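Just below is one structure, and these are the notes that go with it.
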Amino acid sequence: MTNKGKDLWKSINLHIRENKSVFILYMILRVIVVLAMVASFINRNYENVFFCVLTLILFMIPSFIEVNFHIDLPTTLEVVILLFIFASQILGEMSSYYITYPFWDTMLHTINGFLAAAIGFSLVDILNDSDKFTFQLSPIYMAVVAFCFSMTIGVLWEFFEFFMDMVFRTDMQKDTIINGIYSVILDPTNSNKVVAIKNINDVIVNGKSLGLGGYIDIGLIDTMKDLIVNFIGAVVFSIIGFFYVKHRGQGSVARRFIPKLIRQKDK
């Protein structure tokens, strides 16, 4: 590691220690992840080892952004980001919460929509509040940008899930059991009429019953559900951000999630 890299690493660790609440949470989560990584290595579960290493790297990103780009992340935002990473990687992937608790994925995608909107909003807000620019953006414009940024992130993530499923045969777009099919492909006349097959209680593949109580939807419902809850999270924060700008800085909720540029005089 170069001297510059060592200095950056020291600065990141020093920054983490400066905020006691974030530091305590960070250390608790880090210990849990390290123990899980050791256990996974002993059990030769190298996929989980990868998830643990990835989680430890992701934990460093908030502090890296603050130190390297001189952006102040509110404590609440840092805490939510750390918990979000832990909930998605360690609990969701390693502990199979996505399967055990059907609401887990929905909850995380809703939070992701909210956080992505906050990040998109802050990027515009930093530009809007900069001394280098003379123009001012309207509250509605900033809210729309935040919403669009969040939805773009959500769509790109669904693209990634589809890519992983198609190329590496994963199941990131989780399947859904349905009891009816409505499709024009089933129309023998090829006249674009919808043919319905209702009350599907079982599916037989290669002569063997799957015993799932219905037909398998291959990811479409999961994808649309994820985008819908992302939409909800984005709308909620966009509204919060709108009133925050309209009444500049008076929104206590918004201040907890909107990063700010650290000015030289504030250092």
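The values are calculated or read from the model by the stated rules, or taken from the named source; none is laboratory data. Predicted, not measured: the structure shown is a model, and the values here were computed from it. Please note: Cβ atoms are built from the backbone with ideal geometry, for glycine as well, and neighbour counts cover all protein chains shown. Note: areas computed on protein heavy atoms with side chains; ligands, DNA, RNA excluded. Shrake-Rupley method; radii C 1.70, N 1.55, O 1.52, S 1.80 Å.
Every residue, every condition in (1) of a type in the set (Val, Ile, Thr); (2) under 15 Å from residue 217 (Cβ atoms); (3) over 16 Å from the mean Cα position of the chain (by Cα), yes or no:
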| position | (1), (2), (3) |
| --- | --- |
| 156 | no, no, no |
| 169 | no, no, yes |
| 172 | no, yes, no |
| 193 | no, no, yes |
Practice problem: Could you grab the pairs with beta carbons closer than 7 Å, sequence gap of 6+ or different chains, first residue in segment 60-79 and touching a residue at least 60 places away in the same chain (Cβ under 8 Å) and assigned to a helix (DSSP H, G or I), second one crowded, with 16+ Cβ neighbours inside 10 Å and among the aromatic types (Phe, Trp, Tyr)? | Solution: 76/257; 77/257
Quiz item: What is the one condition in (1) crowded, with 16+ Cβ neighbours inside 10 Å; (2) more than 17 Å from the chain's Cα centre (by Cα); (3) of a type in the set (A, V, I, L, M); (4) modelled with pLDDT of 95 or more that residue 16 does not satisfy?
Solution: (4)
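Residue-by-condition table, conditions (1) in contact with a helix residue (DSSP H, G or I) (Cβ under 6 Å, 6 or more places away or on another chain); (2) of a type in the set (Asp, Glu); (3) farther than 17 Å from residue 176 by Cβ:
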site	(1), (2), (3)
189	no, no, yes
202	no, yes, no
221	no, no, no
224	no, no, no
228	no, no, no
242	yes, no, yes
254	yes, no, yes
Self-check item: Qualifying position, being assigned to a helix (DSSP H, G or I), in contact (Cβ under 8 Å) with a residue 60 or more places away in the chain, open to solvent by less than 20 Å² (accessible area, probe 1.4 Å) and touching a Phe, Trp or Tyr at 6+ places or on another chain (Cβ under 9 Å), among 92, 120, 113
Solution: 113
Quiz item: Between a first residue in segment 40-56 that is on the phi < 0 side of the Ramachandran plot and a second residue that is of a type in the set (S, T, N, Q) and open to solvent by 100 Å² or more (accessible area, probe 1.4 Å), which pairs have beta carbons less than 6 Å apart while being 6 or more apart in sequence or on different chains?
Solution: none
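For every residue, the table says whether it meets (1) open to solvent by less than 70 Å² (accessible area, probe 1.4 Å); (2) in contact (Cβ under 8 Å) with a residue 40 or more places away in the chain.
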| position | (1), (2) |
| --- | --- |
| 136 | no, no |
| 154 | yes, yes |
| 161 | yes, yes |
| 164 | yes, no |
| 168 | no, no |
| 179 | no, no |
| 187 | yes, no |
| 190 | no, no |
| 196 | yes, no |
Exercise. Would you check if there is a residue in segment 223-237 being over 24 Å from residue 22 (Cα atoms) and over 17 Å from the mean Cα position of the chain (by Cα)?
Key: no
Self-check item: Subset of segment 209-247 [open to solvent by less than 50 Å² (accessible area, probe 1.4 Å), aromatic (Phe, Trp, Tyr) and under 12 Å from residue 111 (Cα atoms)]
Solution: 237
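How about segment 198-226: which of its residues are among the polar types (S, T, N, Q) and touching a residue at least 40 places away in the same chain (Cβ under 8 Å)? Working first, answer last.
Just the residues of segment 198-226 that are among the polar types (S, T, N, Q), to begin with: 199, 201, 206, 209, 223.
Once the filter is applied, which keeps residues that are among the polar types (S, T, N, Q) and touching a residue at least 40 places away in the same chain (Cβ under 8 Å), segment 198-226 yields only 223.
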